[in-house]
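This report refers to the structure that appears directly beneath it.
Throughout, read-outs are computed from the coordinates displayed, never taken from laboratory work. A quick note: this is a predicted structure, and the numbers were derived from the prediction, not measured. Glycine gets a Cβ as well: all are built from the backbone with ideal geometry, and neighbour counts include every protein chain shown.
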Amino acid sequence: MSTYVHYSVQEAQKKMERYCAYQERCHKEVEKKLREMRMIPEAIDSIMGHLIQENYLNEERFARSFARGKFNIKKWGRNRIKNELKQRDISKFNIQLALTEIDYQDYLQTLDVLAKKKLAQLTEPNLFKKRKKLSDYLLYRGWESPLVYEKVMELTK
């Protein structure tokens, strides 16, 4: 027999305010959380409206924060950041704004550091396989193909 807690709209709203205040959230995450709390669609709409109006929920702020964090901490490239934001139903406009958070010189420098670090870890004796492993690694992390191939060729002459 499963038991679950029933929340009033006010209780759920307070819970979501804390949830959003703790860390930037996207609309999709908050809606999912409210559905998990078994809130009815009308209550979800009401709570979402309140969170947006009171600035607990701001998609542009979320996208910018997400892009900065994933680039600075996880060293993701633009493609990976863009795809992850798309999966969270962030608008094209906000994705473009989010990508402006990444300074281009920092971006190129991070790619350089990441590529050199990975190259130093590779023990593959075959040059072509080594290049493939390095480029696959960088592409998986979301770095753009032209930048990756240029960097791989530069480091494996």
Exercise for the section: May I ask which residue of N94, A63, N83 lies farthest towards the positive end of the charge dipole of region 59-99, with charges of +1 (Lys, Arg) and -1 (Asp, Glu) on Cβ and the Cα centre as origin? Expected result: N83
Problem - Charge dipole (region 104-155, unit charges on Cβ, about Cα centre) - positive-most of L147, F128, A115 - result: F128
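Taking the Cα centre of the chain as the origin, how large is its charge dipole in debye, to the nearest 20, when only Lys and Arg (+1) and Asp and Glu (-1) carry charge on their Cβ atoms? If you can, show how the numbers build up before the last one.
On the way: 32 positive and 22 negative charges, 195 e Å.
I would put it at about 940 debye.
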Exercise for the section: Using Cα centres only, tell me the gap between region 123-157 and region 1-61 in whole Å. Expected result: 43
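With r as the distance between the Cβ atoms of T100 and T156 and R0 = 35 Å, compute the FRET efficiency 1/(1 + (r/R0)^6) and round to 0.05.
Numbers: r = 32 Å, r/R0 = 0.91.
Calculated value: 0.65.
Under a point-charge model restricted to the Cβ atoms of Lys and Arg (+1) and Asp and Glu (-1), what is the dipole moment magnitude of region 9-53 relative to its Cα centre, in debye to the nearest 20?
Values: 9 positive and 8 negative charges, 34 e Å.
The dipole of region 9-53 has a size of about 160 debye.
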Practice task
Identify all lysines with a Cα-Cα distance to K157 below 21 Å; exclude those on the same chain that are fewer than 8 residues away in sequence.
Solution key: K116, K117, K118, K129, K130, K132, K133
